[in-house]
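The values are calculated or read from the model by the stated rules, or taken from the named source; none is laboratory data. As the structure is a prediction and not an experimental result, all values here were calculated from the model. A quick note on method: Cβ atoms are made from the backbone with ideal geometry, for glycine too, and the neighbour counts reach across all protein chains shown.
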């Protein structure tokens with residue numbers, strides 16, 4: 001393969017990151033929840049989490065039912081472009097909806113989630129085809145923007161203040177400029193559509209038969225190197241698929257619950273320990289906007305790289321075990337500033353790792369070429385976790401029983417770690 005082609009594959013990664021920066025807007029939901037609970041909106045905590053959950057479910061369902069097959073036929077560029085346009089339209093509708101719960105549910109939840117679902121798989125499927133030699137690392141890089149995007153979109157609303165460090169002195173973000181939630185929704189809608197369109201330009205598949213120069217699968221590793229391709233129907237008949245699905249549900253439930261309620265839980269837990277409301281709000285915002293979001297992005301890259309060395313199975317076992325212990329501990333340490341920061345960082349780091357390990361494991365077990373059609377069905381687990389986690393968190397918040405949000409999700413992660421110990425490459429049955 002000529003050197004120019006080798007350079008092109010890194011341009012695909014750049015485009016993937018730009019696209020994912022915008023799609024990661026769904027993780028910036030905590031920038032809106034407090035505003036939506038206050039006047040003039042008056043939503044309940046549970047209502048804010050229903051919008052978030054519907055967005056996550058729409059994301060996963062559209063990715064599985066439409067995006068996987070469509071990008072395989074039409075190519076990733078057009079599907080990502082359409083996804084960006086729908087995402088942008090969804091946020092514009094939410095902005096024009098004013099204080100309407102149904103309007104914001106349709107705009108951010110249904111349409112926003114659908115746009116993300118169309119766009120999300122395209123960078124992953126494209127990058128895996130260009131980088132069969134670095135699947136863990138490259139899937140981590142391809143989705144890192146999703147985690148880092150939350151940091152950008154959250155801090156744009158409030159200013160880039162991180163504890164005692166203020167990177168934008170004198171500027172208090174879009175809200176501080178007098179913009180309402182509706183105004184921010186509309187601005188973000190335009191930005192998402194434009195930036196995804198730009199990033200999608202370089203999302204093209206490699207030529208048929210492409211292999212990186214000097215790379216060959218290791219002898220005897222066909223069953224776990226992605227060289228054996230499974231159809232979706234074949235994959236669904238393997239215990240490995242259902243094991244990956246269950247582990248992903250547990251990990252997604254924990255991580256998405258924390259994203260949805262960390263601002264609300266953090267403020268209440270800190271206030272319960274005597275921290276004044278204004279300071280508690282800054283601390284909780286920093287926990288999500290810096291520690292969770294930043295480590296979520298790094299977790300995708302670092303866990304992906306680790307898994308290239310330790311293997312996907314061992315990495316899943318370790319990551320999910322740490323997540324379970326941290327979730328159980330978070331309720332007890334979240335009422336202190338550094339406890340909230342530490343818990344948010346670890347949970348964000350491990351949650352981010354899911355999005356490097358599960359697509360890489362899907363490619364390993366069920367084929368590199370088929371990952372674009374197979375991974376959306378593994379990713380449906382994210383949609384399930386997206387319904388369970390945020391709604392559980394919102395309901396327990398309304399009931400003043402935060403413990404029963406964190407401890408059950410932590411135990412589920414520990415079960416997932418034990419289940420990961422059973423993983424092994426599937427055997428494809430002869431036709």
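Numbers for the structure displayed
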read-out	value
Residue match in segment 85-94 (condition: within 27 Å of residue 266 (Cβ to Cβ) and either in contact (Cβ under 8 Å) with a residue 24 or more places away in the chain or out of contact with any strand residue (DSSP E or B) (no Cβ under 9 Å at 6 or more places or on another chain) (or both))	yes
Failed item in (1) closer than 23 Å to residue 124 by Cα; (2) surrounded by 24 or more Cβ atoms within 10 Å (Cβ to Cβ); (3) at pLDDT below 90, with residue 361 passing the rest	(3)
Answer from 273, 296 - the residue that is under 27 Å from residue 395 (Cβ atoms) and surrounded by 24 or more Cβ atoms within 10 Å (Cβ to Cβ)	296
Leading residue by the ranking (modelled with the lowest pLDDT) among those in segment 162-219 that are at positive phi and surrounded by fewer than 18 Cβ atoms within 10 Å (Cβ to Cβ)	163
Sole residue being more than 20 Å from the chain's Cα centre (by Cα), assigned to a helix (DSSP H, G or I) and over 15 Å from residue 254 (Cβ atoms), chosen from 369, 309	309
Test: residue in segment 140-152 that is outside any helix (DSSP H, G or I) and surrounded by 19 or more Cβ atoms within 10 Å (Cβ to Cβ)	no
Which listed residue, of 23, 36, is farther than 15 Å from residue 260 by Cβ and either touching a residue at least 60 places away in the same chain (Cβ under 8 Å) or part of a helix (DSSP H, G or I) (or both)	23
Selected residue (only one of 271, 280, 208 is more than 23 Å from residue 358 (Cβ to Cβ), free of Cβ contacts under 8 Å to residues at least 12 places away in the same chain and touching a helix residue (DSSP H, G or I) at 6+ places or on another chain (Cβ under 8 Å))	271
Matching residues in segment 273-289 - criterion: being in a helix (DSSP H, G or I) and farther than 14 Å from residue 149 by Cβ	277, 278, 279, 280, 281, 282, 283, 284, 285, 286, 287
Filtered residue count, segment 94-132, keeping only those that are modelled with pLDDT under 95, over 20 Å from the mean Cα position of the chain (by Cα) and assigned to a helix (DSSP H, G or I)	2
Test set (1) closer than 26 Å to residue 35 by Cβ; (2) in a helix (DSSP H, G or I) - residue 335 fails condition number	(2)
Residue check, residue 389 closer than 20 Å to residue 320 by Cα, under 12 Å from the mean Cα position of the chain (by Cα) and assigned to a helix (DSSP H, G or I)	no
Candidates 250, 230, filtered to the one that is surrounded by 16 or more Cβ atoms within 10 Å (Cβ to Cβ) and at pLDDT 95 or above	250
Breaking point among (1) surrounded by fewer than 24 Cβ atoms within 10 Å (Cβ to Cβ); (2) at pLDDT 95 or above, for residue 267	(2)
Condition met for residue 188 (in contact (Cβ under 8 Å) with a residue 60 or more places away in the chain and within 28 Å of residue 98 (Cβ to Cβ))	yes
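Conditions tested, residue by residue: (1) under 30 Å from residue 129 (Cβ atoms); (2) surrounded by fewer than 21 Cβ atoms within 10 Å (Cβ to Cβ); (3) modelled with pLDDT under 95.
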position: 325; (1), (2), (3): no, yes, no
position: 331; (1), (2), (3): no, yes, yes
position: 347; (1), (2), (3): no, no, no
position: 366; (1), (2), (3): yes, no, yes
position: 384; (1), (2), (3): yes, yes, yes
position: 390; (1), (2), (3): no, no, yes
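One line per residue, one yes/no per condition, for (1) within 30 Å of residue 363 (Cβ to Cβ); (2) buried (at least 22 other Cβ atoms within 10 Å of the Cβ); (3) in contact with a helix residue (DSSP H, G or I) (Cβ under 6 Å, 6 or more places away or on another chain):
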position: 33; (1), (2), (3): no, yes, yes
position: 37; (1), (2), (3): no, no, no
position: 67; (1), (2), (3): yes, yes, yes
position: 74; (1), (2), (3): yes, no, no
position: 80; (1), (2), (3): yes, yes, yes
position: 111; (1), (2), (3): yes, yes, yes
position: 120; (1), (2), (3): yes, yes, yes
position: 130; (1), (2), (3): yes, yes, yes
